[in-house]
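The values are calculated or read from the model by the stated rules, or taken from the named source; none is laboratory data. None of these values were measured; they are calculated from a predicted model. A quick note on method: Cβ atoms are made from the backbone with ideal geometry, for glycine too, and the neighbour counts reach across all protein chains shown. Remember, those area values only see protein heavy atoms, side chains included, never the ligands or the DNA or RNA. Shrake-Rupley method; radii C 1.70, N 1.55, O 1.52, S 1.80 Å.
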Amino acid sequence: MSVLLAIFLMWAVTYPVRWLGLSLGRLHLPPFWLSFLQFVPVSVFAALVLPEVLGSPEWPRRLVACVVGGLLMWRTGSLAPGILGGFAAYWGARLLGL
Amino acid sequence: MPLWLGMIPFAVAYAVTARAAGLSVLETQLMSVTVFAGASQFAAAGLFASGANALAIVATTALLNARHVLYGLSLSRTLPLTRPQRVLAAQFLTDEAYGVAVVRGPQEPGGLSFAFLLGAELSLYFIWNASTLLGALAGAVLPDPAALGVAVVFPLAFLGLLVPLLKGRLTVLVALASGLGAWGLSRILPGGLVILLAGIGGALLGALLSTRSQNTEPQA
């Protein structure tokens, strides 16, 4: 499948969901499914991060990067210092031969 | 304004990852113009890079963006919209726009209005797309993204989205279960499917545990 078709389909599954929510103001979802939707981001983000770190051939460097980056994000509450600090830590670990 | 500062590095990082995954500048930009959902765009870029099946990418997008139905439901309760307004507002509805509309909207004279919602949405849309273009062009100038270790930006960026969500034991438990589950599954299954299965599994676990604890709380 081409990249363009994939992008179009991504849009096709995103827009209707947003429209549906705006159009169904009176609908009440059961608590279980409300809770399911609220947990989707935490769950998907974690599933994206861990295999990319632990499953990588250069996992020690990436682990260092994510520990440093994660701590910076937690302490500063913002993304940019975390990404930059994490990337710097990655290079630090790489230059140290990790 | 602080939201813009958060979006710019994320959009730039998305664009660099997408370019490193082999997407053209046009394709990278087109995704920001049409899909306009940061996390799912970034996830798609990472999945394209790992050579995942396109249907798995679309399914992951659908799962990630299913939460937008919550924002719509919440907004339409406080802000009645006409049909053309809904058609327009839906294209630009994101986590950030919802957050701004719900927190700042009621402080406006006259309360939350369609104009305020659309203004918040469009300003974020503009920043997101301008930053995508910047990142896509910067990605073309970088000598060799792989040699620079740009791939590490992907887990870092998602860590940045994950960290603020980790409030309390239940979210940490869900994140650990889903993350470790995905790591285990990634040894036997292709990447796209892993994210989907672990993502659904973790959210089901969270829903199960939180609704059960709500049911038992009054007795405790």
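Below, the figures for the structure above:
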quantity	calculated
Failed condition for residue A:66, given (1) in a helix (DSSP H, G or I); (2) within 30 Å of residue B:78 (Cβ to Cβ)	(2)
Near pairs, Cβ below 8 angstrom, 6+ apart or cross-chain, from the stretch A:19-39 (without any contact (Cβ under 8 Å) to a residue 40 or more places away in the chain) to any residue that is in a loop (DSSP other than H, G, I, E, B)	A:21/B:93; A:22/B:81; A:22/B:93; A:25/B:80; A:37/A:29; A:37/B:66; A:37/B:67; A:38/B:67
Yes/no for residue B:154 being among the aromatic types (Phe, Trp, Tyr), under 15 Å from residue A:49 (Cα atoms), assigned to a helix (DSSP H, G or I) and in contact with a helix residue (DSSP H, G or I) (Cβ under 8 Å, 6 or more places away or on another chain)	yes
Residue match in the stretch B:12-22 (condition: more than 22 Å from residue A:46 (Cβ to Cβ), more than 17 Å from the chain's Cα centre (by Cα) and in a helix (DSSP H, G or I))	yes
Among the candidates A:48, A:22, residue that is part of a helix (DSSP H, G or I), over 23 Å from residue B:14 (Cβ atoms), open to solvent by less than 40 Å² (accessible area, probe 1.4 Å) and of a type in the set (A, V, I, L, M)	A:22
Candidates B:165, B:156, B:148, filtered to the one that is closer than 13 Å to residue B:17 by Cα and either among the basic types (Lys, Arg) or open to solvent by 20 Å² or more (accessible area, probe 1.4 Å) (or both)	B:148
Any hit, the stretch A:55-64, residues being within 20 Å of residue B:165 (Cβ to Cβ), buried (at least 22 other Cβ atoms within 10 Å of the Cβ) and within 16 Å of the chain's Cα centre (by Cα)	no
Any hit, the stretch A:34-49, residues being modelled with pLDDT of 90 or more, in contact with a Phe, Trp or Tyr (Cβ under 6 Å, 6 or more places away or on another chain) and more than 7 Å from chain B (Cβ to nearest Cβ)	no
The listed residue being within 26 Å of residue B:197 (Cβ to Cβ) and part of a helix (DSSP H, G or I), out of B:103, B:87, B:69	B:69
So residue B:172, is it open to solvent by 30 Å² or more (accessible area, probe 1.4 Å), farther than 23 Å from residue A:36 by Cα and not in a loop (DSSP other than H, G, I, E, B)	no
Checking residue B:43 against (1) more than 7 Å from chain A (Cβ to nearest Cβ); (2) part of a helix (DSSP H, G or I); (3) within 16 Å of the chain's Cα centre (by Cα), the condition it does not meet	(1)
Verdict on residue A:16 being free of Cβ contacts under 8 Å to residues at least 40 places away in the same chain and more than 7 Å from chain B (Cβ to nearest Cβ)	yes
Residue that is touching a residue at least 12 places away in the same chain (Cβ under 8 Å) and open to solvent by 30 Å² or more (accessible area, probe 1.4 Å), where the choices are B:113, B:131	B:113
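Each row is one residue, and each column tells you yes or no for (1) in contact with a helix residue (DSSP H, G or I) (Cβ under 8 Å, 6 or more places away or on another chain); (2) within 18 Å of residue A:87 (Cβ to Cβ); (3) surrounded by 24 or more Cβ atoms within 10 Å (Cβ to Cβ).
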residue: B:12; (1), (2), (3): yes, yes, no
residue: B:17; (1), (2), (3): yes, yes, yes
residue: B:22; (1), (2), (3): yes, no, no
residue: B:28; (1), (2), (3): yes, no, yes
residue: B:34; (1), (2), (3): yes, no, no
residue: B:59; (1), (2), (3): yes, no, no
residue: B:62; (1), (2), (3): yes, no, no
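For (1) farther than 24 Å from residue A:42 by Cβ; (2) open to solvent by 20 Å² or more (accessible area, probe 1.4 Å); (3) modelled with pLDDT under 90; (4) of a type in the set (Gly, Ala, Ser), each residue gets a yes or a no:
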residue	(1), (2), (3), (4)
B:39	no, no, yes, yes
B:50	no, yes, yes, yes
B:53	yes, yes, yes, no
B:71	no, yes, yes, no
B:75	no, no, yes, no
B:79	yes, no, yes, no
B:87	yes, yes, no, no
B:98	no, yes, yes, no
B:105	yes, no, yes, yes
